[in-house]
Structures are given as structure tokens and as C-alpha cells.
Amino acid sequence: MKNTSTKPKEKAYVVRERKASWWAALSGAAWGVSMGVSSVVLTSMPGSKWHFGIFLMLVTAGIGLIAIVAYIRLINALDEMQRKIWIETMALTFGLLWVAFGCLIILEKAEINYIDSVEIGLLAMLAAAGTVAGSVRMFIAR
Amino acid sequence: MKNRLKVLRAERNWTQADLADELEVSRQTVNAIEKGKFDPSLPLAFKAAKLFGLSIEEIFHYDAE
């Protein structure tokens with residue numbers, strides 16, 4: 001049962017989980033950075049933005065798709081209790097996003113506030129906060 | 001659901017990490033199952049039963065409360 005070697009060899013499922021976690025974190029961060037950079041570049045860019053805008057949209061969408069696949073792989077690599085925590089986290093995150101989006105629509109219809117890049121950025125931060133909350137729950141469960 | 005995992009583990013001088021390695025789950029999952037905070041899936045319950053050489057009913061007991 002116990003490993004008697006001085007340097008215990010990690011089990012395959014532990015390595016798989018760690019690798020999936022890194023891929024999810026890195027691809028998610030890469031998507032966030034690509035969105036920020038694209039937004040700044042397009043805002044400060046003079047002249048026609050048509051071709052470059054389409055190019056940046058495809059790049060960010062591609063990175064976003066990679067992030068989605070990475071998160072699906074992460075969920076598959078987790079054990080059943082960790083998976084339950086992550087599914088609850090996803091439900092919380094999407095629920096918060098829909099409620100916040102609904103609030104913004106109501107405010108816009110009431111002509112109190114207009115949805116622009118600031119509000120979209122806040123929604124992205126809300127999604128990130130939900131993901132961080134899940135990570136904290138996973139950490140506390142240790 | 002109540003279970004005897006902690007007792008069975010202690011009888012064998014296994015740590016939660018040892019049992020987690022054998023069941024291929026995280027240590028926190030073993031901890032949550034032992035404390036009754038999380039009910040394992042049927043495949044995981046079978047795996048635990050096979051590991052200890054017992055039936056599922058000898059390890060896990062349904063508790064309506």
C-alpha cells in the first residue's frame with residue numbers, strides 16, 4: 001500500500017488532473033488577455049478596422065474555443081466530488097451572469113444605463129469571480 | 001448515508017491519502033465520504049468494497065435521516 005521509495009511516483013490520474021488544471025487556467029487567462037489586447041488595439045487604431053477586426057475576432061474566438069475544450073477536459077479529469085463542486089460553480093457563474101445581464105437590460109430599457117464595453121467587462125469579471133469562488137471551495141475542501 | 005470507511009482504514013493503518021490513491025480519488029473526497037458530507041457513486045462504492053474485500057452493505061449503510 002505505502003510507497004517505500006524515496007521519491008514517490010505520482011499516479012496517472014493526479015498527473016492528468018494537474019495537467020488539465022494548468023491547461024484550463026492558461027487558456028482562460030490567454031482568452032482574457034486576447035480580449036483585452038484586441039479591445040485596446042481596435043479602440044486606438046485609426047482608419048478602417050474591418051479586416052483587422054475580423055482577424056482579431058477569429059483569433060479570440062479560437063482561443064476561447066481552446067479554453068472551452070480545456071475546461072471540459074478539466075471536468076472529466078476531476079474525481080466525482082470535485083466535479084460536483086465545479087458543476088455547482090458553473091451553475092452559480094452562469095446564474096449570476098444571466099441575472100446581471102437581465103438587470104442591465106432592464107436598466108437600459110428604463111434609460112438609466114446603456115450597455116457598453118464597461119458593462120461587458122463587468123460581466124466578464126463576474127464570470128471570473130464565479131470561477132475563483134469555485135477554486136476557493138475546492139481549496140477549502142482540502 | 002453512514003459508512004465504516006474510517007474504521008476499516010484505521011484497521012489497516014492507512015492514511016486518507018493511501019486510501020485515496022487506491023480508489024483513484026482525491027484525499028478531500030475520501031475525507032468528505034468518511035464524514036458523510038458526500039455520498040460516493042455506485043462504481044466508487046463497489047471499488048471500495050472490492051478493496052476491503054467486503055460487500056457494499058458491510059461498508060455503507062443507508063440512513064434516512
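The values are calculated or read from the model by the stated rules, or taken from the named source; none is laboratory data. Everything numeric here is computed off the predicted structure, so don't read it as measured data. Every residue, glycine among them, receives a Cβ derived from its backbone with ideal geometry; neighbour counts consider all protein chains shown. Remember, those area values only see protein heavy atoms, side chains included, never the ligands or the DNA or RNA. Shrake-Rupley method; radii C 1.70, N 1.55, O 1.52, S 1.80 Å.
Scanning the stretch A:98-121 for residues that are part of a helix (DSSP H, G or I) and modelled with pLDDT under 85 yields A:117, A:118, A:119, A:120, A:121. In the set A:77, A:127, A:91, A:61, only one residue is open to solvent by less than 30 Å² (accessible area, probe 1.4 Å) and under 16 Å from the mean Cα position of the chain (by Cα); that residue is A:127.
Condition first: among the β-branched types (Val, Ile, Thr) and farther than 30 Å from residue B:31 by Cα. Can you find one or more residues in the stretch A:10-28 that meet it? First the steps, then the outcome.
Of the stretch A:10-28, the ones among the β-branched types (Val, Ile, Thr) are A:14-15.
Adding the requirement that they be farther than 30 Å from residue B:31 by Cα leaves none.
Checked the stretch A:10-28: no residue is among the β-branched types (Val, Ile, Thr) and farther than 30 Å from residue B:31 by Cα.
For the stretch B:1-55, a tally of residues being touching a strand residue (DSSP E or B) at 6+ places or on another chain (Cβ under 9 Å) and more than 9 Å from chain A (Cβ to nearest Cβ) returns 11.
If I filter the stretch A:84-91 for residues that are closer than 23 Å to residue B:28 by Cα, of a type in the set (Gly, Ala, Ser) and in contact (Cβ under 8 Å) with a residue 24 or more places away in the chain, do I get at least one hit?
Taking the stretch A:84-91 and keeping what is closer than 23 Å to residue B:28 by Cα, we get A:84-91.
Those still in the list that are of a type in the set (Gly, Ala, Ser) too: A:91.
Adding the requirement that they be in contact (Cβ under 8 Å) with a residue 24 or more places away in the chain leaves none.
No, the stretch A:84-91 contains no residue that is closer than 23 Å to residue B:28 by Cα, of a type in the set (Gly, Ala, Ser) and in contact (Cβ under 8 Å) with a residue 24 or more places away in the chain.
For the stretch A:1-13, check the following and say yes or no: at least one residue is within 30 Å of residue B:21 (Cβ to Cβ), open to solvent by less than 70 Å² (accessible area, probe 1.4 Å) and at pLDDT below 85. For the stretch A:1-13, residues within 30 Å of residue B:21 (Cβ to Cβ), open to solvent by less than 70 Å² (accessible area, probe 1.4 Å) and at pLDDT below 85: present.
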